[in-house]
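Notes for the one structure printed next.
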Amino acid sequence: MSLLTHTLLQISTAKPSFSGDDLYRVLPELIVLVMAVLVVILDLFLPIRSRPALGYLAILGYAGALVATGFLFYYDNPTKTSFSGMFVRDSFSSFFEIIFLVSGILVVLVTPSYSLKRGIPLGETYAIQAFSVLGMMIVGASGDLMAIFVGIELTSIASYLLTGFARTDPGSAEGSLKYFLLGIFATAIMVYGMAWTFGITGSTNLAAISQSITQNNLAGDAGLTLGMLLMVVGFGFKIAAVPFHVWTPDAYEGAPTPVTAFMSVGPKAAGFAALLRVLIQALPALAVQWSVIIAVLAVLTMTLGNVVAIAQNSVKRMLAYSSIAHTGYIMVGLAAYLNTNSPDKQNDAISSVLIYSLIYVFMNMGAFAILIYVQNRQGGAEVNTFNGLAQWAPGMALAMAWCLLSLTGIPPTGGFLGKFYVFRAAIDNGYTWLALVGVINSAISAFFYLRIIYTMYFNPISDEDKARLQPSKSTLIATGVVIASVALLVLGILPGPALDLARDGADPLIQVVKTATGR
C-alpha cells in the first residue's frame, strides 16, 4: 500500500470532533480571520480615498488578537490540545503569536506611505498580509505535521502574492516568480519528508511520532533520518538558510519594501517555530544527527550572509543578505539543544531562539521602516541616498543608527542581548567553536552596518539631492520607528520579563520530550 493511500485511509477513518473549548482556544486566530474577511469586504465598498482607514481596522484586529493571546496565556491552562491534537494551545504557541502579531502591526504602520505613492492597492495588501499572519499562527500552534503544512502553505502563498504586488516593476514580477517556483519545489521536498516520517512511525501527530520512535527504537532507522533531512531542507528554504537561500536576494529586492520587511521577520519566525516543533517535539531522539546538521548550516548561513552583504551598494539588498546572516545566528541556539542531560540547558537553548526571534522583529522592522522613509524622500535605496540623513532627518538618522547597532550586536541594544543568549547557549552545550564563529561574523557585519552610520553622519547631502527631496507623510512610519526603537532599548536594558516569557515558551517542548522519553 502506498504512503498516499495509507494517509488517505487514515484521514477517511478518523473521527474528528471539536467543542466550544476548541474554538475558545483558537480565539486569536479567529479574530485575525474575521479581520481579514472584513478588510476584503470593506475594500469592495469603500471609496479609494477612504481605504487607508482599513489599516486601522487591521491594527485593531491584530491588537485584539494580542489581547486574546495574553488572556489565554495568563488565565487559561497554557498546555491544552484542540481539534484531535492538531492544535496546541501552550506558552510556546502564545510566544510566537506575539511575534507574528507584532510584526503584523508594524508592517501595517509602514505600508501606507509607500504603497499610496506607488499605486499599490492597500486593501488587498492588508488582507493578504492578514492571511499570512494567520498561517504563521497556525504553524506556531500546530501539534501535527498536516497542520504545519497547512499553516506554512497559507503563509507562503500569501508571500508569493505580496512579492509581486508592485505590478509595474519587472523586478517584482521576477522575484515573485523565482520565489514561487523554488517555493513549490521546497514544499514538495518537505511533504516527502513528512510522508516518510508518517510511513515509519504511523502517525502525523508530533507527540505520537516521538513516542513511536522511543518505543520501537527507531532512532537509527535510515528512512526516518531521510525524512528528517528532507524536512530540514523544506524548512531551511522557509527560513532562508544557506544553501536554500537562493530565492531571498531577488525576492527581497523585487518585492515592495514593506513586504520585504514583513517577509524578513514573520515567515522566518514561523519557519523556526516549525523547526522547533518538529525537531524537538517530534524528533528529539535524532538530536545527535540534526544538531550537527543545524550547526553546519548555521556556519554557512552566517558566513555567506555577512560576506556577501559587504559587497552590496543597495541598502535593501544588503538588509536581505543581513537577514540571511541573522538566520544563522538564530540557528546557533537551535543547534545548542544537543545537551540531552540538562533540561535547564535545553530550555536555555530553545528560549534563546525565541528571544532572538522577538528582538529581530524590532531591529529589522525598524531598519526597513527608515529605509522606506528614505525611499519616499529620495526615490532610491542605495547607500548614497542616506548621505547627510542626520542633517535633513536627524530623528530618523538616530533611530537608524540605533537599529543598525542592534543588528551588529553592540550593547546596550536588544540585539546584543539576543546574540549573548544564543552564543551562551552554544558555549554551555559544548558548541564553543560555533559561538566563536558567530562572534567573528558579528565583527564582519559591523563593516556594512557602520558604513551606513558613517554615511548618514559624515557624508553631506549634495545641493542637487537636497533640492530633489520629496515631501512624505511619515506619521505612521515614525510611530513604527518609535515602537521599534523603544522596544530595542527596553529589551537591551531590562530583558528580564521578555526572557522569562521566552523560558516559559520553551518549557512545553521540554515537558513533551520528558513525557515521550520517560525522563
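The values are calculated or read from the model by the stated rules, or taken from the named source; none is laboratory data. What you are looking at is a predicted structure, and each value in this text was computed from that prediction instead of being measured. Every residue, glycine as well, gets a Cβ built from its backbone with ideal geometry; the counts of neighbours run over all protein chains shown. These accessible areas exclude ligands, DNA and RNA; they are computed on the full protein's heavy atoms, side chains included. Shrake-Rupley method; radii C 1.70, N 1.55, O 1.52, S 1.80 Å.
The table that follows gives values for the structure above.
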| read-out | value |
| --- | --- |
| Spin-label model distance (nm) - Asn459 vs Val34, 7 Å beyond Cα toward Cβ | 5.0 nm |
| Size of region 2-516 as Cα extents on the principal axes (Å, biggest first) | 74, 56, 43 |
| Point-to-point label distance, Phe420-Thr432, nm (Cα→Cβ direction, 7 Å offset) | 2.1 nm |
| Given charges at beta-carbon only (K, R positive; D, E negative), |dipole| of the chain in Debye | 480 debye |
| Protection proxy ranking, peptides 168-174, 79-85, 25-31, average beta carbon neighbours within 10 Å, highest first | 25-31, 79-85, 168-174 |
| Most to least packed among 93-102, 297-306, 489-498 [average Cβ atoms within 10 Å] | 93-102, 297-306, 489-498 |
| 222 nm mean residue ellipticity, helices alone, for the chain (DSSP H n ≥ 4; -39,500 (n - 2.57); rounded to 500) | -26000 deg cm²/dmol |
| Net length gained if the chain between Ile310 and Met146 were fully extended (0.36 nm per residue, minus Cα distance) | 55.0 nm |
| Dipole-positive endmost among Ser291, Ala336, Ile105 within the chain (Cβ charges, Cα centre) | Ile105 |
| Positive-pole candidate from Phe244, Leu509, Leu276, dipole of the chain, charges at beta carbon | Phe244 |
| Label-point gap, in nm, between Gln215 and Leu44 - each point 7 angstrom along Cα→Cβ | 5.0 nm |
| Solvent-accessible heavy-atom area per residue, rounded to whole Å², over region 2-516 at 1.4 Å | 36 Å² |
| Within the accessible area of the chain (1.4 Å probe), percent carbon and sulfur | 68 percent |
| Under-5 Å amide H pairs with Phe87, H placed in peptide plane, nonlocal only | Ser82, Gly143 |
